[in-house]
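Asks: The structure follows.
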Amino acid sequence: MSTSNSNPIPPGHNIGFVSTRFAGTDGVSLESAKWAKVLLADNHQSFWYAGKLDRNPHRSMLAPHAHFRHPDIQYIDSRVFGKSRRGPTTTDIIQSISRHLRTSLYEFVRNFEISVLCVENALCIPMNVPLGLALTNFIAETGIPTIAHHHDFYWERDRFAINAIGDYLRMAFPPTLPTVQHVTINSFAQEALSHRRGVASVLVPNVLDFDNPPPKPTEYVKSFRKDIGLEEDDIMFLQPTRIVPRKGIEHSIQLLAEMHNPKCKLVISHESGDEGEEYANALMELAAKRGVDMRIASDRISEMRGTEDGKKMYTLADAYSQADFITYPSSHEGFGNALIEAFYYKKPVLVNRYSIFITDIEPKNFHVITMNGYLTSDVVEKVQRVISDDEYRNQLVEKNYELGRRFFGYSVIKRKLRTLVTEATGWESP
């Protein structure tokens, strides 16, 4: 008789990860790498198909038209979003690229002997319409078992609200096919998918490897503060996000202004990206007006350590290790990776109570300082205490780390991925 601790490992399979991009530090790239690591522990081999790749080239297939930044895909986007009707030429282009991608998917599955597809975000958000159609047709034609990992849905984004591809969205974003298992990353998405498509999904949160704590800062890392212009005794408040309005960085500026401590410095890890500079300019004006020392460290933070243009580069993990406090006052998030990272790097954190935090994270009883859309004197006092009371701060972050291990560690996805692969392959334990 087997016991609860003797869960056997299923036979190994070749898992084919498919997306528009597996490269860099975006959520899809990071989470898919974690899944692959966990799957490897169960003897499964991972292979990669995308329009941009930084994975093992011997286990990858590059399909340029799969990338959402390919000129042909951007041309399609310009013709179908923000419009209510598409022309026949646009339809022909979509169908032509879709057929090309479907052919390459057949080649990918054949060359690497793929048993299960794991589609990362390409069947829920129409960043690449032809890829979504190609995948849907390929799955329908082959019946290949598919795990569709949904990070964002099109109905969550304003830019997709007006479109000329309602037929394609209903068909492929996501498809309702018998061999597709759907995975969502938060309970709101799970409920919305059930309501809109009438299909169930497995809830699998984003995770970090809490079983392996972050290493202690090396001499290399300890120069980060100096290189961004901070003094040794400065109190570094890290905003580990891009500069976009939904991140609520104006609240972080207000917090530091209310601290009335010139040693408190606000460091933002990333730049604006492709969403314009208006918000960044407004933040700089606000910081200057409130007397807050705010600096953007994006020119010092990269995907890897090294040297760029004569400057020593650090990773985001390095920035976390040198921070004293994390600010995360976002108005909404798909999940909240930066919050889980704060727990992992054992840093106190201020969080705005966005919806997914309220439903999926707050009930786990993490010890964080919360605000409800605006900063109060009570919030400022709590931050002051965390900053000034070492013993109290250490108690909070150690408790959060243990809760993170329990609810957002690799063990969570290990159990769920084993079940998903078992369902996909029909494997049954003896």
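The values are calculated or read from the model by the stated rules, or taken from the named source; none is laboratory data. For clarity, every value in this text was computed on a predicted model and none was experimentally measured. Ideal geometry is used to build each Cβ from the backbone, glycine not excepted, and the neighbour counts take in all protein chains shown.
Asks: What pairs come out if I take residues in the range 367-383 that are surrounded by fewer than 16 Cβ atoms within 10 Å (Cβ to Cβ) and pair them with residues that are part of a loop (DSSP other than H, G, I, E, B) and among the hydroxyl-bearing types (Ser, Thr, Tyr) whose C-beta lies under 9 Å away, six or more apart or interchain?
Replies: GLY373/SER331
Asks: Among the residues of the range 55-67, what is the count of those that are in contact with a Lys or Arg (Cβ under 9 Å, 6 or more places away or on another chain) and without any contact (Cβ under 8 Å) to a residue 60 or more places away in the chain?
Replies: 2
Asks: OK, next. Look at ARG242 and say whether it is closer than 22 Å to GLY24 by Cα, assigned by TED's automatic domain parsing to the domain that holds ASP360 and basic (Lys, Arg).
Replies: Spelling it out, ARG242 is indeed closer than 22 Å to GLY24 by Cα, assigned by TED's automatic domain parsing to the domain that holds ASP360 and basic (Lys, Arg).
Asks: Report the residue count in the range 201-212 for those that are more than 18 Å from VAL28 (Cβ to Cβ) and modelled with pLDDT of 95 or more.
Replies: Residues that pass the stated criteria total 1.
Asks: Let me ask something else. Return the residue satisfying two criteria in turn: it lies in the range 193-215 and is touching a helix residue (DSSP H, G or I) at 6+ places or on another chain (Cβ under 8 Å) and not hydrophobic (A, V, I, L, M, F, W, C), and of such residues it is farthest from ASP318 (Cα to Cα).
Replies: Ranking the candidates gives ARG196 first.
Asks: Now, a different point. Considering only residues that are assigned to a helix (DSSP H, G or I) and either loosely packed, with under 13 Cβ neighbours inside 10 Å or modelled with pLDDT under 90 (or both), which ones fall in the range 223-235?
Replies: LYS226 - this is the single residue of the range 223-235 that is assigned to a helix (DSSP H, G or I) and either loosely packed, with under 13 Cβ neighbours inside 10 Å or modelled with pLDDT under 90 (or both).
Asks: Within the range 331-340, can one find any residue that is without any contact (Cβ under 8 Å) to a residue 24 or more places away in the chain and either part of a helix (DSSP H, G or I) or hydroxyl-bearing (Ser, Thr, Tyr) (or both)?
Replies: no
Asks: Right, another one. Which one of these is hydroxyl-bearing (Ser, Thr, Tyr) and surrounded by 19 or more Cβ atoms within 10 Å (Cβ to Cβ): THR142, THR146?
Replies: Exactly one residue qualifies, and that residue is THR146.
Asks: Hey, another quick one. Could you please find all residues in the range 170-214 being within 22 Å of ALA33 (Cα to Cα) and charged (D, E, K, R)?
Replies: If the condition is that a residue be within 22 Å of ALA33 (Cα to Cα) and charged (D, E, K, R), then ASP209, ASP211 are the ones that fit.
Asks: Can I ask one more? Could you give me the residue pairs with C-beta distances under 7 Å whose first residue belongs to the range 86-106 and is outside the structural domain of SER60 (by TED's automatic domain parsing) and touching a residue at least 12 places away in the same chain (Cβ under 8 Å), whose second residue is surrounded by fewer than 17 Cβ atoms within 10 Å (Cβ to Cβ) and among the β-branched types (Val, Ile, Thr) wherever it lies, and which are 6+ apart or on separate chains?
Replies: none
Asks: Let me ask something additional. Taking the condition of being acidic (Asp, Glu), within 19 Å of the chain's Cα centre (by Cα) and surrounded by fewer than 21 Cβ atoms within 10 Å (Cβ to Cβ), how many residues in the range 17-59 meet it?
Replies: Total meeting the criteria: 2.
Asks: Kindly list, by first and then second residue, each pair from a residue in the range 133-147 that is in contact (Cβ under 8 Å) with a residue 60 or more places away in the chain to a residue that is in a loop (DSSP other than H, G, I, E, B) and small (Gly, Ala, Ser), limited to pairs with Cβ atoms under 8 Å and residues at least 6 apart or on different chains.
Replies: Close Cβ pairs (under 8 Å, with a partner that is in a loop (DSSP other than H, G, I, E, B) and small (Gly, Ala, Ser)) amount to LEU135/ALA122; PRO145/SER115.
Yes/no per residue for (1) assigned by TED's automatic domain parsing to the domain that holds ILE185; (2) within 22 Å of ASP26 (Cβ to Cβ); (3) touching a Ser or Thr at 6+ places or on another chain (Cβ under 7 Å):
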site: PHE335; (1), (2), (3): no, yes, no
site: ALA342; (1), (2), (3): no, yes, no
site: ILE356; (1), (2), (3): no, yes, no
site: HIS367; (1), (2), (3): no, no, no
site: LEU375; (1), (2), (3): no, no, no
site: LYS382; (1), (2), (3): no, no, no
site: LYS399; (1), (2), (3): no, no, no
site: LYS414; (1), (2), (3): yes, no, no
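Asks: I would also like to ask the following. Looking at PRO217, PRO178, PRO205, which is the one that is assigned to a loop (DSSP other than H, G, I, E, B), surrounded by fewer than 20 Cβ atoms within 10 Å (Cβ to Cβ) and in contact (Cβ under 8 Å) with a residue 60 or more places away in the chain?
Replies: PRO217
Asks: Another one. Would it be correct to say that PHE407 is under 30 Å from GLY12 (Cα atoms), in a helix (DSSP H, G or I), aromatic (Phe, Trp, Tyr) and touching a residue at least 60 places away in the same chain (Cβ under 8 Å)?
Replies: yes
Asks: Also, I was wondering about something else. Might you check whether a residue that is free of Cβ contacts under 8 Å to residues at least 24 places away in the same chain and assigned to a loop (DSSP other than H, G, I, E, B) occurs anywhere in the range 241-256?
Replies: The answer is no, given that none of the residues of the range 241-256 is free of Cβ contacts under 8 Å to residues at least 24 places away in the same chain and assigned to a loop (DSSP other than H, G, I, E, B).
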